[in-house]
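Below is one structure, written out as structure tokens; comments come after it.
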């Protein structure tokens, strides 16, 4: 008789959503459910959604409708939708998506077992996201079988950017106590993690809402001490910083804390002072230049990543030219571009002078062309350089795929590794390799040796 407690989970959106799905998967595993990769074999299907921008909401709806077909053609008898889509659109999602049995908002993940086991009738549960309990995530979570794992250090956001819906979906910032994060980190280390990727809506603001907290700098020191106690190297990477919550003390911690990668992910959104003010950002272009100069003067080899928005209401040719000029001047290692996504529940929706979508897309293309050239040039300068590569996959015999310290998972390029003259890499290991080819975003390297004896990154940190 087939297993009656099989579940298929689809995760859409950001790394923070992925962590939420792993927490739900852990709760379901303890309740006797088995996760399956094929939706046609699942008794229950869960879709953890994103609705940050219109395209994400559209993707979520399309995914839900496609998976709902398995209620007719497969063995699925229950479809549960969680996360940002129901949180943003409320009970109207139930009317529009009658195929769904239960909707759980971002503050209702703890009801996942009851929702799956039909202990909740058709409903849309939207508790206050400020009341969400983040404790015990390490024990609840079903960790992925992967060398790199995300570690959520906080939830929510206190800022009021006019283009962003996150505070409404996730509530105010709620930093997890350091002891709870360290407990989860120990579990990850016992599971063999080789890279911890810290995530939050604003990671660099971590601890500001906790009493007697040393902030992110203190947390990094504690994590580094914990990771450094082992025999194998472990990288610690931070994603989703904010220009206003990065100071000299935090930069110093990136420069001097063993195992912490000097990789700065700092979404700036724009470079026109006029547009930044309309966005609700409290800094200007001069402050951004000062920040990047401060980082690079302390850590010459620091890696800078950012994201920006084109087509924000009122953005003129002159505004865009300032953004283009700053990208050309700073020469970010990695840069992502979004076009502005409007919705009537955003403060920016009331702003005058909307930018045509075609213009926003054209500006995005121009920025990405510039960045592609910058990225290619930076990669070509790395030719012949020896780097450490965290090996993550073997897509075909004789070829491995991984990442260097200057490549974050999922958002940056990858490094393809050949082992023509060196030992064959093992997935989940670090290898020392020489870069032999460079593309716009990806690299090709050949193995020199297995690297097992240090948890330091492979490029100079401090100036």
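Observations on the model:
- One residue alone among 152, 174, 183 is farther than 30 Å from residue 101 by Cβ, touching a residue at least 24 places away in the same chain (Cβ under 8 Å) and in the same structural domain as residue 245 (by TED's automatic domain parsing), and that residue is 183.
The rows are residues; the columns are (1) in a helix (DSSP H, G or I); (2) touching a helix residue (DSSP H, G or I) at 6+ places or on another chain (Cβ under 8 Å); (3) at pLDDT 95 or above.
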residue: 211; (1), (2), (3): no, no, no
residue: 219; (1), (2), (3): yes, yes, yes
residue: 232; (1), (2), (3): no, no, no
residue: 277; (1), (2), (3): yes, no, yes
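- Test: residue in the range 62-76 that is in contact with a helix residue (DSSP H, G or I) (Cβ under 9 Å, 6 or more places away or on another chain), farther than 30 Å from residue 167 by Cβ, modelled with pLDDT under 95 and crowded, with 19+ Cβ neighbours inside 10 Å: yes
- Residue in the range 279-290 that is under 29 Å from residue 187 (Cβ atoms) and either modelled with pLDDT under 95 or part of a helix (DSSP H, G or I) (or both) present: no
- Close pairs (7 angstrom Cβ cut-off, 6 or more residues apart or separate chains): assigned by TED's automatic domain parsing to the domain that holds residue 114 in the range 17-31, assigned to a helix (DSSP H, G or I) and surrounded by fewer than 20 Cβ atoms within 10 Å (Cβ to Cβ) anywhere: 23/140; 26/140; 27/113; 27/140; 28/113; 31/113
- Scanning the range 143-171 for residues that are in a helix (DSSP H, G or I) and out of contact with any strand residue (DSSP E or B) (no Cβ under 8 Å at 6 or more places or on another chain) turns up 166, 167, 168, 169.
- So residue 351, is it surrounded by fewer than 20 Cβ atoms within 10 Å (Cβ to Cβ) and closer than 25 Å to residue 164 by Cα: yes
- Only listed residue being surrounded by fewer than 23 Cβ atoms within 10 Å (Cβ to Cβ), at negative phi and not assigned by TED's automatic domain parsing to the domain that holds residue 54, chosen from 145, 123, 114: 145
The values are calculated or read from the model by the stated rules, or taken from the named source; none is laboratory data. The structure displayed is predicted, hence computed values, not measured ones. Note that we place each Cβ from the backbone using ideal geometry, even for glycine, and neighbour counts take in every protein chain shown.
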